[in-house]
Amino acid sequence: MKILVCMKQVPQKDAPLKLNEGGAWIREDVSYEVNEPDAYALEEALRQREKHKGEVVVITSGPARAQQVLREALAKGADRAIHIEEENLAAFDTLGVASLLAKAAEAEKPDLILTGLQSDDLGYGQTGVVMAEQLGMPSATIIMAVEKTDAGIRVKRELEDGWFQNVEMPLPAVLTIQSGINKLRYATLMGIKKAKTKEVKRVTAAELGVTPSPRASIERVYLPQRTKQTQLIEGSAKEAAAKLIEKLRFEARVI
């Protein structure tokens, strides 16, 4: 079974963020890491390969620095990688990025495509399902378990309020993986050494025939403002407790 895993490089969660001159996005000089939901998608792909044999191919789009994502995936056990080189990925909206990935996926003819449920930076949660639509494949989201069957796969979807849905699907298919589906592995020293010899294919957006024509764009990003407010609650302990609960319930709305 050939599994294609779509991965993304995102700013580190604890990186200090500063806006660029236009204020439409953050500056490039921040630290980056693998998108966490995509790491769980990779782990699930590696586990499926261990059970059913086959090949795991990782793919990402972005500037040269995005190769870090691929190298980490190869070190963990992916067989080979595809890098869609695009220095100005911000010019592509979700549809554009999904088009890039779908075009590259067409040539691979995978049995299964896995993506993270959403990205940690934008959080749209749309790339996987848009890819499925463009490729004409069935899709399922918020996946918590994947089981290979004779007819295809059986997946477990997480719903609301502790409910789950079990769905049987034919292959090929596209799944968006929920964080926490499994326990992530670390890259071994041997895996890091082997990663240096594994294939990383490079293609460009122009070669794939996809040009940026965004239908949605970010006009302005605002960083949260930090403020401090102190309120002194007078009265007896019982009276103060009652007032505190009232404020937490109706003003802060946290209980």
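When +1 charges are put on Lys and Arg Cβ atoms and -1 charges on Asp and Glu Cβ atoms, the dipole computed for the chain relative to its Cα centre reaches about 700 debye. Which of these, GLU234, GLU44, GLU158, has the largest mean-square fluctuation under a Gaussian network model of the chain (Cα springs below 10 Å)? Ranking GLU234, GLU44, GLU158 by mean-square fluctuation puts GLU234 first. The C-alpha atoms of the chain define a longest principal axis, and helix 67-76 lies at about 80 degrees to it. Phi angles across segment 99-114 convert, under the Karplus curve 6.51 cos²θ - 1.76 cosθ + 1.60 with θ = phi - 60°, into 3J(HN,Hα) values of 5, 4, 5, 5, 4, 5, 5, 4, 5, 7, 6, x, 7, 8, 10, 10 Hz, Gly and Pro given as x. With respect to the chain, whose longest principal axis is taken over its alpha-carbon atoms, helix 36-52 is tilted by about 40°. Counted residue by residue at 0.36 nm each, then reduced by the alpha carbon distance between them, the extension gain from LEU244 to ASP150 reaches 27.9 nm. Computed from the C-beta positions of LYS18 and TRP163 and an R0 of 51 Å, the FRET efficiency is 0.80 to the nearest 0.05. In the chain the longest region clear of trypsin sites (Lys or Arg not before Pro) that are loop-assigned by DSSP and have at most 10 other C-beta atoms within 10 Å covers 54-182.
On a per residue basis, the convex hull of the C-alpha atoms belonging to segment 52-201 measures out at 125 Å³. Here is how the number arises for the chain: DSSP H runs of 4 or more residues each give -39500 (n - 2.57), the sum is divided by the residue count, and the result at 222 nm is -9000 deg cm²/dmol. Compactness of the chain, taken as the C-alpha radius of gyration over 2.2 N^0.38 Å, stands at 1.20. Restricting the chymotrypsin sites (Phe, Trp or Tyr not before Pro) of segment 115-219 to loop positions (DSSP other than H, G, I, E, B) with no more than 15 neighbouring Cβ atoms within 10 Å leaves TYR124, TRP163, TYR186. Taking GluC sites (Glu not before Pro) across segment 172-228, the ones in a DSSP loop with at most 11 further Cβ atoms lying within 10 angstrom of their Cβ are GLU199, GLU219.
Within the straight-line cut-off of under 23 Å between alpha carbons, the lysines reachable from LYS194 are LYS2, LYS8, LYS51, LYS53, LYS76, LYS183, sequence neighbours fewer than 8 places apart in one chain being disregarded.
Computed from the Cβ-Cβ distance with R0 of 22 Å, the FRET efficiency linking ARG215 to ASN88 stands at 0.85. Over segment 1-100, all Cα pairs binned in 5 Å intervals from 0 give whole-percent P(r) values of 2, 12, 21, 22, 19, 12, 6, 3, 1, 1, listed from short to long.
Rounded to two decimals, the Cα radius of gyration of segment 119-255 over 2.2 N^0.38 Å is 1.73.
Read-outs: derived from the displayed coordinates by stated rules, not from any lab. Fair warning: this is a prediction, and the values are worked out from it, not measured in the lab. Using ideal geometry, Cβ is built from the backbone for each residue, glycine included, and neighbour counts are taken over all protein chains shown.
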